[in-house]
Structures are given as structure tokens and as C-alpha cells.
Amino acid sequence: MTQKQDIRALTKDELRYFFEEQKDKAFRGNQVYEWLWRKGAHSFDDMTNISLTTRKMLNEHFVINHIEVDDMQKSSDGTIKNAVRLHDGLIVESVLIPTDTRTTACVSSQVGCSLNCTFCATARLKKMRNLNPDEIYDQVVATDQQSRLYQNHKLSNIVFMGMGEPLLNYNNVLKAIDKITSDEGLAMSPKRITLSTVGLPKMIKKLADDEVKFNLAVSLHSAIDEIRSKMMPINEKSNLAELLESLQYWYVKTKKQITFEYVVWKGINDKKKDIEALVDYCKKVPSKVNLIEYNAIEEDGFMQADEKAIAYYVRELERNNITVNVRRSRGKDIDAACGQLANKK
Ligand code: SF4
């Protein structure tokens, strides 16, 4: 038996061509494409302006692989964590984070992760595969629906900060963002999308060359190679100097400042030398800093630094005219906070 193809892997032109080949009208391809993306249909039966015969024919040739929200957990602060089942049974997680001014979807780009950051729960899951563009897109659609239902307004922002390293799934992530921002998809502004990466210099340059319009965030966590390599083994392959060079390249090409994501851990990066190194690094490329509250994962031995150390970071960054935000963590009680996504219920 030949396996049916996932219809959402087809471009609009390919779909138009398919209908022509079936001796039907090409514009039928446009109608089906609209159902698949803008209207988010998960079944050919939903396509009410397509004749029954055509729907039957589509059913014979294609499937619509789509996600299912298997389990939804709600935090006391309104954060929602979804266990998302993919068509092959694998699970990833996505999170909806409401605040007073916005609702943000945090989406996954890979099943598991291969990069082994020592503080991250996802790193404990073996990397199984990359997500397809439609699987990323569906997470956004599902969180948008939850935002409308529970917050009474549509999703305002998206961050690629869930499971996986988005730049290791480059083509699919960019295709998904294309759909999310296109009028034929969700028509969201790319300015409301942030891709967060461990910082892969070659891929950051590629993003700049591809003239992407979304924002870039880098998980920095230390501006001292020795310390960063301990937290993020990837730093041994591409160190801070290489990363900086790629970020400068990004800025020259895009004119967009970079956001550094930074957790301050007790006894690891909470000293004066750590702060000075970060200030120095930030001065070399237009950037701002998000200091993120750390959420301990069981038995990992890391602890959030004292408030005094955080305040010291804030003071020194501000004294050097570097914008800094302290991000209090959300969804802690359901393991939905940064670095906690590990398919736990
Ligand atoms: S922090 Fe991101 S890149 Fe590092 S292991 Fe976790 S998911 Fe992977």
C-alpha cells in the first residue's frame, strides 16, 4: 500500500498543479490551500465549499497530519502548558504565557534536543527529530485559540524558546514563520516573533543574509568562555568571539538589536567579574539583556542567585546605558517555565 502524502507539504503552486492533473480547475488548489492554512482545517470534511466528490478524491491521495493537544495544564498565574501529540505519537510542549499587556506563545522546534545545556530539562530528552513547518504552525494556532478563549484576545507574540534549537531546524522554522506571517496564514507581524538560539554563528549570519524580519535572542548566560562552556557545551565549538562576530554581522545587515537571555546562578556567574564581562560584551554590539529567573529542575544542583547579585547586574548594566529587564518566571507550578519543558505531567 502506498503511503498517502501529507497535503500540507505541498506549496500552493503544487496544489494548483495537482488539480490541473486531475482535470479540475487550478483555482480549486487555492481554495484547499486556504482551508489548510488560513482556516486551519484538520479534515477534508471541514472544507464545506469543496464538493463531496473532490473531498473524497483528496482523501484518497492525501492526509492532513496535524497535532492534538493531548493534555493542557493551567498554572495559578494563567500560564497554560500543552502536551502536543504529533502525528507519529511523539510529544512536544508549547506554552501560552499571558501578562497584563500581551499573550505570548512559546513553541517548540524539535522533539528533544541534542545540545546538552546543563541547566535545561529538555536536554535530558534525546533528540528524536525536527518538527515540520505545519507542526510548528499548529502549535501557534492552538495557543492562539486558547488565548482567544481564556484571555479574550488573540495571541500577540511568539517566541521560539520551547524544546529544541530552532537554528538546527532552520528551513522548517523559517517556512513556519513564513506561514505565520503571511496573509494566507495568520498574518502576524514578524516584529512580534522572536527566535531564541544558543548562538550558532554560521546560522546567525545565514539569518541575516536571508533578510529575516523577526527578532533574535541569544541565550548567553555568561560572557566568559570558560564558564559558558561549562553551562553550554556548544560554546566549545563556537566561542564567544565567534558569536560576537556573527551578531555584529546580524546587526549591520538587519539593524535589529539583539536580546541576550541571561540567568544568574548562585556561585556560577554572580561575581563582579561576570558582570563586567557581560557589560563589556554588550558594549560591542547593540543589545539589551533579559535577566531570567531560574527554575530549578529536580536534582540539577543549580540555584538562582541572591536578589543582591541580580540587583548588582541591573545597576551595572543601567549605569552603562544597557537596557535590562528582569523577567520573573511564569508557570512554575506546572513546570512550564524557561528550561523546564521535559514532557512531565
Ligand atoms: S537550552 Fe535550548 S538548546 Fe540548550 S539543551 Fe535546552 S532546548 Fe536545547
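Every read-out reported here was derived from the displayed coordinates using simple, explicitly stated rules and does not represent laboratory data. In this text, all values refer to a predicted model and were calculated from it rather than measured experimentally. Here the Cβ is made from the backbone with ideal geometry for all residues, glycine too, and neighbour counts use every protein chain on show.
Take THR194 and decide whether it is within 15 Å of the ligand (Cβ to nearest atom) and in contact with a strand residue (DSSP E or B) (Cβ under 9 Å, 6 or more places away or on another chain). When the stated conditions are applied, THR194 passes them.
The criterion of at least 1 residues that are hydroxyl-bearing (Ser, Thr, Tyr) and either more than 27 Å from PHE302 (Cα to Cα) or in contact with a helix residue (DSSP H, G or I) (Cβ under 9 Å, 6 or more places away or on another chain) (or both) is met, among helices (runs of 4 or more DSSP H) falling completely within the stretch 233-291, by 240-254, 272-283. Sub-7 Å Cβ pairs linking a first residue in the stretch 26-48 that is assigned to a loop (DSSP other than H, G, I, E, B) to a second residue that is acidic (Asp, Glu), at least 6 apart or interchain, are ALA26/GLU20; TRP37/GLU184; ARG38/GLU184, ordered by first then second residue. Take the conditions (1) loosely packed, with under 15 Cβ neighbours inside 10 Å; (2) within 16 Å of the ligand (Cβ to nearest atom); GLY89 misses just one of them, which is (2). For the stretch 122-141, a residue qualifies if it is surrounded by fewer than 24 Cβ atoms within 10 Å (Cβ to Cβ) and either within 16 Å of the ligand (Cβ to nearest atom) or among the hydrophobic types (A, V, I, L, M, F, W, C) (or both), and the qualifying residues are ALA123, ARG124, LEU125, LYS126, LYS127, MET128, ARG129, ASN130, VAL140, VAL141. Can you find even one residue in the stretch 141-160 that is assigned to a helix (DSSP H, G or I) and closer than 27 Å to GLN304 by Cα? No; the residues of the stretch 141-160 include none that is assigned to a helix (DSSP H, G or I) and closer than 27 Å to GLN304 by Cα. Answer yes or no: is there a residue in the stretch 169-183 that is within 14 Å of the ligand (Cβ to nearest atom), assigned to a strand (DSSP E or B) and touching a strand residue (DSSP E or B) at 6+ places or on another chain (Cβ under 8 Å). Taking every residue of the stretch 169-183 in turn, none turns out to be within 14 Å of the ligand (Cβ to nearest atom), assigned to a strand (DSSP E or B) and touching a strand residue (DSSP E or B) at 6+ places or on another chain (Cβ under 8 Å).
Within the stretch 213-230, being touching a residue at least 24 places away in the same chain (Cβ under 8 Å), within 16 Å of the ligand (Cβ to nearest atom) and closer than 29 Å to ARG192 by Cα holds for LEU216, ALA217, VAL218, SER219, LEU220, HIS221, SER222.
Residues in the stretch 205-245 that are in contact with a Phe, Trp or Tyr (Cβ under 6 Å, 6 or more places away or on another chain) and over 26 Å from TYR294 (Cα atoms): 2 in all.
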